[in-house]
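Enquirer: Supplied in structure tokens, the structure appears directly below.
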Amino acid sequence: MPQAIIAPSILSGDFAQLAVESQRMINEGADWLHVDIMDGHFVPNLTIGAPVVQSLRKHTNAFFDCHLMVSNPEKWVKDFAKAGASLFCFHIEASQDPGKLIDEIRSHGMKVGVAVKPKTPIDVIFPLGHKIDMCLVMTVEPGFGGQKFMEDCVPKVKALRERFPELDIEVDGGLSLETIDQASKAGANVIVAGTSIFKADNPKEVINTFRNKVNTEQAKYSKSVE
Ligand SMILES: O=C(CO)[C@H](O)[C@H](O)COP(=O)(O)O
């Protein structure tokens, strides 16, 4: 049964103090750190690249869930492996040959994620579901933190969970105490959240609430398919 994994998005942290912000999230109970890589081409924003990930790696052993919102993700596999990325998640819309890219990521010792934008139908993932570790269903248009959760992406999570009971299914964008129920009931178990965790008065409480809700729904689901 997939377990809850809570991954604060460091996009909402203070980029001048990434190591401190990352450690703060681990201390608050984060399972993974979600690292948003944007190239100003695939998405209309720029963030960080492999050199920053490599610097951050010197300060923590945390699991780095690297979400590459970039054109030509193939170009960056080696650099991110060397930088210490734990998981390399690329966008299906950006890859010419997803099957080959999946093998390439694995051969560099990283876990593999495939992301889908809100308007991309989820069935493009179906042929790849058994080859990957995680599917990221975006619940906002990628590019910026602080956007509103898109409810119409929820059926995609449900369809994926029905087909792949053991897959890690990640949701990203607008996740909060108001929207976690929809995502967890649909079957998401990896929760990325920037604003709702980083800006919370009590991040630990938010992380624990997310974790409890996900684990409760996953337990119900696994009972129903027994
Ligand atoms: O990938 C992202 C944006 O493209 C971010 O991870 C995401 O938006 C998280 O921020 P928030 O929880 O504030 O919506």
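Enquirer: Could you let me know the centre-to-centre spacing of the range 82-120 and the range 1-37, using Cα atoms, in angstrom?
Expert: 20
Enquirer: Exposure proxy check: Ser9, Ser22, Ser86, Ser222 ranked by fewest other beta carbons within 10 Å?
Expert: Ser222, Ser86, Ser22, Ser9
Enquirer: Based on alpha-carbon atoms only, what is the radius of gyration of the range 92-178 relative to the globular estimate 2.2 N^0.38 Å?
Expert: Against the compact-globule rule of thumb, the ratio is 1.10.
Enquirer: In whole Hz, with x marking every Gly and Pro, tabulate ³J(HN,Hα) for the range 85-95 from phi via Karplus 6.51 cos²θ - 1.76 cosθ + 1.60, θ = phi - 60°.
Expert: Values per residue, Gly and Pro as x: 5, 8, 9, 10, 10, 10, 8, 4, 5, 9, 9 Hz.
Enquirer: Determine the shape class of the range 146-226: with a ≥ b ≥ c the square roots of the Cα gyration tensor eigenvalues, call it rounded for a/c under 1.5, and otherwise prolate if a/b is greater than b/c, oblate otherwise.
Expert: Taking the square roots of the gyration eigenvalues as a ≥ b ≥ c, the range 146-226 is oblate.
Enquirer: Cross-link list Lys148/Lys204; Lys117/Lys199; Lys119/Lys204; Lys119/Lys148; Lys82/Lys213; Lys148/Lys199: which exceed 27 angstrom alpha carbon to alpha carbon? Can you show the working numbers first?
Expert: On the way: Lys148/Lys204 22 Å; Lys117/Lys199 25 Å; Lys119/Lys204 33 Å; Lys119/Lys148 15 Å; Lys82/Lys213 35 Å; Lys148/Lys199 16 Å.
The answer is Lys119/Lys204; Lys82/Lys213.
Enquirer: Moving to a separate point now. Would you mind checking which residues have amide H under 5 Å from Lys111's amide H? H placed 1.01 Å from N; only 5 or more apart, or other chain.
Expert: When sequence neighbours closer than 5 places are left aside, the close amide H contacts are Leu87, Phe88.
Enquirer: What FRET efficiency do you get for Glu93 and Asp201 if R0 is 35 Å and r is their Cβ-Cβ distance, rounded to the nearest 0.05?
Expert: 0.40
Enquirer: Based on the Kirkwood radius over alpha-carbon pairs, what value in µm²/s does the Stokes-Einstein equation return for the translational diffusion coefficient of the range 5-224 at 4 °C and 1.567 mPa s?
Expert: Numbers: Rh = 17.1 Å.
My calculation gives 76 µm²/s for D.
Enquirer: How would you rank Cys66, Cys89, going from fewest to most other Cβ atoms within 10 Å of each one's own Cβ?
Expert: Cys66, Cys89
Enquirer: Taking other Cβ within 10 Å of each residue's Cβ, how do Phe210, Phe164, Phe144 sort, fewest first?
Expert: Working: Phe210 25, Phe164 18, Phe144 15.
Ordered by Cβ neighbours within 10 Å, fewest first: Phe144, Phe164, Phe210.
All of the numbers you see were taken from the coordinates with simple rules; none came from a lab. Remember, predicted model here, so these are calculated numbers, not experimental data. Cβ atoms come from the backbone with ideal geometry, glycine included; neighbour counts cover every protein chain shown.
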